[in-house]
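The values are calculated or read from the model by the stated rules, or taken from the named source; none is laboratory data. Because the structure is a prediction, the values reported are computed rather than measured. FYI the Cβ positions are ideal-geometry reconstructions off the backbone, even for glycines, and counts take in every protein chain you see.
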Amino acid sequence: MIMVVLFILYCFFAHASLRFITDETVKRDELVFYITAERYTECLIVLLLTSRVFNFLELYDETSPLMDIIFKIFKDIFWFVVVFLVVIFAISTCFYLLG
């Protein structure tokens, strides 16, 4: 369902940016906004499609253990990044107070 909504958004932004490129009276800021929104939507679509590919790879017996390992690694990396950001925040606060 989310893929359909993102595809509709992508089509809207693509149509709007093409219309603004051919129209001479459009402000440059509007054109930049629609092109930027189109790129962000494309990034979301690519990420969601990649996650769907990972889900399909979990269905095969050969790749299922590999996908489990990759997901466990991502989970461990997430908690490492959380702890790392807390430490960075604490150190930066100390240097701010000293300086």
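Numbers below:
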quantity: Single unsatisfied condition, Leu44 versus (1) modelled with pLDDT under 80; (2) surrounded by 10 or more Cβ atoms within 10 Å (Cβ to Cβ); (3) of a type outside the set (Phe, Trp, Tyr); calculated: (1)
quantity: Long-range neighbours under 7 Å by Cβ, at least six apart or interchain, first residue in contact (Cβ under 8 Å) with a residue 24 or more places away in the chain within segment 38-67, second of a type in the set (Gly, Ala, Ser); calculated: Glu38/Ala14; Glu38/Ser17
quantity: Test for Leu59: is it within 30 Å of Ile8 (Cβ to Cβ), more than 20 Å from the chain's Cα centre (by Cα) and not polar (S, T, N, Q); calculated: yes
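Table: residues versus (1) within 21 Å of the chain's Cα centre (by Cα); (2) modelled with pLDDT of 90 or more; (3) in a helix (DSSP H, G or I).
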| site | (1), (2), (3) |
| --- | --- |
| Val32 | yes, no, yes |
| Ser51 | yes, no, yes |
| Leu66 | no, yes, yes |
| Phe71 | yes, no, yes |
| Asp76 | yes, yes, yes |
| Phe89 | no, yes, yes |
